[in-house]
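Below is one structure, written out as structure tokens; the observations come after it.
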Amino acid sequence: MRWPFLGRLWPIDVVVDPLDISHTRHMADLHAVSFSRPWTDGEFHDMLGQQTVFGFVARELTWGKSKVLGFVLARGAAGEAEILTITVAPDWQGHGLGRKLMDAVLRKAHGERIESVFLEVDETNAPAIALYRKLGFFQVGGRPDYYRDKAGRRTAALVMRRDLR
Ligand SMILES: CC(C)(COP(=O)(O)OP(=O)(O)OC[C@H]1O[C@@H](n2cnc3c(N)ncnc32)[C@H](O)[C@@H]1OP(=O)(O)O)[C@@H](O)C(=O)NCCC(=O)NCCS
């Protein structure tokens, strides 16, 4: 998927493609920006080596260079999928990339006859919850004291589900 991104001073080509192991270093760098317990290059490498794990990367293509702007990683098996993580570079948040990445996962899951997609999200993460609700996810459970932020505060995880059929 490729489209000219018009939200900046000049059109920028942004592409969304399937993730592969060539992206793991950039994934680890980006993950470390947004999460207090970042996943390593090696962890992403191992995950992408599993047959059930898949994902998509959004990249900016400018003047022959490719820059990773965001990615989403998911696991699917036995008719269900789970969003493992999603992140967009801070200066690109709010420009529709999170939605494009999630749309790509939902399309692939639908094509693979997956019936429901699950995810967990911190109850305090308003942008992510708003994105998931917009995509049709709804809360089906919760895990109290599941996350701990950098200041040591504990927060709950909301468990959300989107039915595809
Ligand atoms: C959550 C995240 C992936 C969303 O990506 P994004 O590219 O910023 O989201 P989009 O621009 O595609 O926004 C899609 C919808 O999400 C909601 N949304 C996005 N940012 C929002 C914000 N700051 N406040 C409220 N709602 C927001 C809106 O409903 C928006 O739709 P709209 O633009 O039509 O109103 C991004 O904020 C991020 O990387 N956060 C840090 C990592 C993270 O928290 N990941 C989720 C872990 S569960």
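Quick notes on this one:
- Residue-normalised accessible area of the chain, expressed per residue, 1.4 Å probe, Å²: 56
- When shorter helices are ignored and each DSSP H run of at least 4 residues is given -39500 (n - 2.57), the per-residue value for the chain at 222 nm works out to -8000 deg cm²/dmol.
- Within a straight-line Cα-Cα reach of under 25 Å, Lys67 can be paired with the following lysines, leaving aside sequence neighbours fewer than 8 residues apart in one chain: Lys100, Lys108.
- Solvent exposure, largest accessible area first (probe 1.4 Å, DNA, RNA and ligands not counted), of Thr124, Thr24, Thr52: Thr124, Thr52, Thr24
- Kirkwood analysis of the Cα pair distances in the chain returns a hydrodynamic radius of 16.5 Å.
- Here the gap between Ser22 and Thr52, fully extended at 0.36 nm per residue and compared with their Cα-Cα distance, gives a gain of 9.0 nm.
- Residue order by solvent-accessible surface for Tyr147, Tyr132 is Tyr147, Tyr132, largest first, with ligands and nucleic acids left out and a 1.4 Å probe.
- Computed over the chain: relative contact order in percent, which uses C-alpha pairs under 8 Å that are six or more apart: 16
- Membrane-span-like helices in the chain, defined here as complete DSSP H runs extending at least 30 Å along the helix axis by their C-alpha atoms with mean Kyte-Doolittle hydropathy no lower than -1.0, are absent; this is a sequence and geometry rule, not a statement about a membrane.
- GNM flexibility winner over the chain from Gly96, Gly64, Gly142 (Cα, springs under 10 Å): Gly64
The values are calculated or read from the model by the stated rules, or taken from the named source; none is laboratory data. This structure is a prediction, so every number in the text was calculated from the model and none was measured. Accessible surface is based on the protein model in full, side chains and every heavy atom, while ligands, DNA and RNA are left aside. Shrake-Rupley method; radii C 1.70, N 1.55, O 1.52, S 1.80 Å.
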